[in-house]
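Take a look at the structure set out below.
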Amino acid sequence: MADIINLLPDSVANQIAAGEVVQRPASVVKEMMENCIDAGASRIEVHIFDAGKAGIQVVDNGQGMSGTDARLCFERHATSKIHDTHDLNAIATMGFRGEALASIAAVAEVTLISRRAEDEMGTKVSIAGSKVIEHTAVAAPSGTNFFVRNLFFNVPARRRFLKSTSVELKHIVSEFQRVALANPQVAMRLTSDGATLYDLSESNRKERVLGIFGLRLEKSLLPITVHTDIVTIEGYIGTPKSAKRRAGEQFLFVNARYMRSPALNRAIYSAFEKLIASDSMPIFFIFFSVDPATIDVNIHPQKTEIKFENDQVIWQLLHSAVREALGKHSGMPQIDFNAPPLTSGSFFPPSSFFSISEQERTEFYSALPDSELGRISLPNFSAPGDRHVAVPSRMNDYPSETAARPAAGGNILQIANRYIAAEANGRLMVIDQHRAHARVLYERLTASAPSSSLSQGLATPVTISITPAQRATLREFMEEVGKIGFSLRQRDDATLEILAVPLWLNVEKCAELVASMLDDNEELGDTSHTEAWDAYLRRLAFSAAIKRGEALTAPRMHSLFQDLFACTAPAVDPRGNPTYVLLNEEGISKLFLSQSAK
Ligand code: ADP
Ligand code: MG
């Protein structure tokens, strides 16, 4: 019997590959625009005819191609961007597979005219269904000009499968927007059947956002910036007010590449929790920069899903950065001394005479008794008889409790063993001691995780029982909590021993706490790991925080104020509830007015 395995001719293989790369006209726009970026263009023109079904033209002023390259670029796996596997680990260009042009040329008629600045003549190559029809020298401006006609002319099934003109155009517009947002330094124009849809000049990130989505957005954008060794996060989130009922302006980019990430979306959504209705969606434009070696862009053919090596840390950083931006924007709840703790609903009053600006916050902070440590003071709650264990400072020696600062600069008062009130610059500030301390601990936990962890060994290990389901993920769990100072050991199938706990944790409570963390772990099982992790940290922060009903000395109250205002997001506790309220004179007099009106 004859052999039955054939090698597919290239043209057929390319057509098969095209099924993945070229799903619709918008895919062509995306691939071509990315090639222009990779070619260092400072200007890109995209002209669309009949939503790309009739034609797509992409013109750039980038580096151009030599005569040979202009022909070779249509070959499968033809790429100038990687040479060996080593390059694969540090991809800095948008494309790298060398399959886009081969795929496009397999299912359309393509004309390419390109010239490098250093060449006298340019090159023209025409190709249709992978067959070269023309290859000649021509006079041409420097840069590259691709014209793609009759997409899917040889794949009638796919052509019929294309959606209405308006749907295809919408896809093209969103691909254009993504490339445009990621590359504000490049001027870009998009036309559709001769009408200009976008004409974006070379600009910065904010101008580009406004150029695309309209100046009306300007007042709604809150900046985000985080710089760490592993990631830089920059961009904008919309104010809670600008959130919408439909998903619209939500963009994540990593190294100037658009990406989708349900997990990172959740980091943002959860930071907005309780600030917007549960069915509305915040606006965001977030740009991550990481070492290309720490991401894998290769896991999805469309390359919009990206895997980060440090996903957990990045999740945390993003979450707190969004929180911080929101906190700065307007953190202040309405004051009500008798009300039960604020639980849900909007706590930002519409016309907020209680609002506090960044400047006011600084003023308030500086009105506090002088601290030798300035804003870097670490939590210290080691007053005599205190159940919380002191956390040694890594940066500085914290003055011991005997050197407790005098309450110079202002009176401080505990109300109902639950709130702490102080006057600052003619305003009354009331903090919720439990929530405020939870915020302080939470930031400490998220800042120190996963590297540093200070723990205290237990003289007698505490045991708790575990279920078979919990046992399944126990090893991971122990590793996780190990990072923040827990040391656990599995004694047998049904028992877990706690050998050490974080320094600041109240030892009596540790069994209860670990048990509830195990429950969280099980419940959250399938959801994102980082989410589960965040849930632990929140729970930890709350359970270790100063309780409601706990009497505090003046020095402790002062340190709590200081520690709170050294946080990045002092206005909210780790669950998003307000930590303090602020009332100015006008606000106080309004309270009297409403009182007398009754
Ligand atoms: P990839 O982008 O993955 O390398 P493509 O099929 O998209 O693969 O492109 C193949 C090659 O063609 C690129 O590596 C590049 O050398 C060249 N090329 C494509 N578009 C342009 C352009 N606009 N300007 C200059 N060179 C280009
Ligand atoms: Mg490419």
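Just so it is clear, none of the values below were taken in a lab; they were calculated from the coordinates. Keep in mind that this is a model prediction, so the values were computed, not measured. Note: ideal-geometry Cβ built from the backbone for every residue, glycine included; neighbour counts use all protein chains shown.
Between residue 489 and residue 166, what is 0.36 nm times their sequence separation minus the Cα-Cα distance? Round to one decimal in nm.
110.2 nm
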With Rh as the Kirkwood radius over Cα pairs, the range 69-132 has Rg/Rh of 1.03
Rounded to the nearest 0.05, FRET efficiency between residue 204 and residue 16 (Cβ-Cβ, R0 45 Å) equals 0.60
Whole-percent tail of the Cα-Cα distance distribution for the range 1-127, cut at 23 Å, equals 35
Here the range 147-297 gives, from Cα atoms, an Rg and Dmax in Å of 17.6, 53
Mean Cβ-within-10 Å packing, highest first, puts peptides 21-34, 205-218 in the order 21-34, 205-218
Ranked from fewest to most other Cβ atoms within 10 Å of their own Cβ, 475, 418 fall in the order 475, 418
A correct fewest-to-most ranking of 539, 556 by other Cβ atoms within 10 Å would be 539, 556
Expected sort for 85, 473, 579 with the fewest Cβ neighbours (10 Å cutoff) up front is 85, 473, 579
Cα convex hull volume per residue for the range 147-215, in Å³, equals 104
Taking Rh as the Kirkwood radius computed over alpha-carbon pairs of the range 106-171 and applying Stokes-Einstein at 4 °C with viscosity 1.567 mPa s, one gets a diffusion coefficient in µm² s⁻¹ of 96
Amide H neighbours of residue 573 at under 5 Å, excluding residues fewer than 5 places away on the same chain, with H built from the backbone geometry, are 579
Checking rank on 166-173, 496-503, with mean other Cβ inside 10 Å and highest first, the result is 496-503, 166-173
The FRET efficiency for residue 469 and residue 68, from their Cβ-Cβ distance with R0 = 51 Å and rounded to 0.05, is 0.25
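Starting with the highest mean, order 147-157, 583-593, 183-193 by the number of other Cβ atoms within 10 Å, averaged over the residues of each peptide. Don't jump to the answer; show the numbers that get you there.
Details: 147-157: 16.6, 583-593: 12.6, 183-193: 19.5.
Going by the mean number of other Cβ atoms within 10 Å, highest first, we get 183-193, 147-157, 583-593.
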Note: residue 305 to residue 216 extended length (0.36 nm per residue) minus current alpha-carbon separation gives 29.0 nm
Averaging 1/r across every pair of distinct alpha carbons in the range 19-86 and inverting yields a Kirkwood hydrodynamic radius, in angstrom, of 13.4
Rounded to 0.05, the calculated FRET efficiency for the beta carbons of residue 121 and residue 5 at R₀ = 56 Å is 0.80
If amide H atoms are modeled at 1.01 Å from N in the peptide plane, then the residues at a separation of 5 or more from residue 491, or on another chain, having amide H under 5 Å from its own are 496, 497
Label model pair residue 280, residue 512: point-to-point distance (7 angstrom along the Cα→beta-carbon line) in nm is 3.8
Inter-part gap, Cα centre of the range 118-150 to Cα centre of the range 152-170, in whole angstrom, is 25
